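Presented below is the structure to which this report refers.
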Amino acid sequence: MKRKTINLITQPHTTLHNKTGPWRTEKPETDLNTCIGCSFCSKICPEGCIDMDNNRDFAGKIKPVTDLDYCKGCALCVHECPVKAIKMVKDY
Ligand code: SF4
Ligand code: SF4
């Protein structure tokens, strides 16, 4: 008998194989003017979907980019941000 495979997420940073964006009811929005580029949000994100490597502002400061295809809306980044630059907003 052929077994049915179910894609379960048992480890952090594994959702690149499972788009978890549709799980969300809220999404994070980042105020890049308030952001100080500390990377805490990127480090705490269980899905590894906040990129700190490829976005700089005009002054050369590193800024986060969130890949919403893989953000499940857990809001850990909001709680971790030391300057309250991230807030959750409704995502329909
Ligand atoms: S809400 Fe923030 S911490 Fe949670 S998955 Fe989305 S980007 Fe990552
Ligand atoms: S935790 Fe806040 S201040 Fe730090 S990089 Fe993320 S958004 Fe910017």
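Select from region 55-70 the residues that are open to solvent by less than 50 Å² (accessible area, probe 1.4 Å) and either polar (S, T, N, Q) or away from ligand 2 (no atom under 13 Å from the Cβ) (or both) and list them in ascending order.
Selection gives N55, G60, T66, Y70.
Can C77 be described as in a helix (DSSP H, G or I), within 15 Å of ligand 1 (Cβ to nearest atom), of a type outside the set (V, I, T) and surrounded by 13 or more Cβ atoms within 10 Å (Cβ to Cβ)?
Against the criterion (in a helix (DSSP H, G or I), within 15 Å of ligand 1 (Cβ to nearest atom), of a type outside the set (V, I, T) and surrounded by 13 or more Cβ atoms within 10 Å (Cβ to Cβ)), C77 qualifies.
Quick grid of which residues meet (1) outside any loop (DSSP other than H, G, I, E, B); (2) free of Cβ contacts under 8 Å to residues at least 40 places away in the same chain; (3) within 18 Å of T20 (Cα to Cα); (4) more than 11 Å from ligand 2 (Cβ to nearest atom):
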position: D53; (1), (2), (3), (4): no, yes, no, yes
position: G73; (1), (2), (3), (4): no, no, yes, yes
position: P82; (1), (2), (3), (4): no, no, no, no
position: K87; (1), (2), (3), (4): yes, no, no, no
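The values are calculated or read from the model by the stated rules, or taken from the named source; none is laboratory data. Note that the structure is predicted; figures quoted are calculated from it, not measured. Heads up, the Cβs are rebuilt from the backbone with ideal geometry, glycines too, and the neighbour counts pull from every protein chain shown. Note: areas computed on protein heavy atoms with side chains; ligands, DNA, RNA excluded. Shrake-Rupley method; radii C 1.70, N 1.55, O 1.52, S 1.80 Å.
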